[in-house]
Amino acid sequence: QNPPASGAPKEGSPEAERNELQSELQEAANSAEDTIRILETHLKKYPNSTVLAEVQQLLAKEAIETNDKRRIVLYGTPTLTRTPNDIQLLDRVTSALLTVGGKQNAELALEYAKRFEDYIIHIPVPKGSDPMRNQEDHDKAMERALLYQSRALSILGNNDDSRRKAALAYIAYPEEAS
């Protein structure tokens, strides 16, 4: 076996790992399912991966693409600890936690839903070319944040607060499921 060329990364080095992952991803058929398979295989091969954060973030995004609730929770939760202001991910992980179920997931969903609500409260509605649509999107996001809290509170047995949050969700956007 020949040693690597002087400019080539050493086997097992972080650069070699990155190169291998890039090569595998380029060979994929560009489907979210293929990307997930490649990334999960990579994590099994490199459990202490130097690109763990990036791989988990990409896995979370691909899980959203495929609507895989289990993987959204599995990879989205650690990604949110590193990127807490990723609002799309915060929204989807909160929803997925409630769908997966359980008290522990409901507690985390409640925390995320409060963070989501806080973000919506403090972000101004963009004026843009379609201000009515922007206001509607903002109101729908607030409604989702409040409904997530309502669902989590219900799972946790706090029914009075759950009903109050559901009523606020209806006020935020009366045309939706609240």
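The values are calculated or read from the model by the stated rules, or taken from the named source; none is laboratory data. Everything quoted here is computed from the prediction, not taken from an experiment. Neighbour counts run over all protein chains shown; Cβ positions are idealised from the backbone, glycine included.
Return the residue satisfying two criteria in turn: it lies in the stretch 124-137 and is in a loop (DSSP other than H, G, I, E, B) and without any contact (Cβ under 8 Å) to a residue 12 or more places away in the chain, and of such residues it is nearest to Asn85 (Cα to Cα).
Pro124
Quick check on this structure: which one of Thr66, Thr94 is modelled with pLDDT of 95 or more and under 30 Å from Lys45 (Cβ atoms)?
That would be Thr66, the only listed residue that is modelled with pLDDT of 95 or more and under 30 Å from Lys45 (Cβ atoms).
In this structure, is Ala141 buried (at least 22 other Cβ atoms within 10 Å of the Cβ) and either in contact with a Gly (Cβ under 6 Å, 6 or more places away or on another chain) or assigned to a helix (DSSP H, G or I) (or both)?
No, not satisfied.
Which of (1) among the hydrophobic types (A, V, I, L, M, F, W, C); (2) out of contact with any Ser or Thr (no Cβ under 8 Å at 6 or more places or on another chain); (3) surrounded by 15 or more Cβ atoms within 10 Å (Cβ to Cβ) is the odd one out, the single condition Ile121 does not satisfy?
(3)
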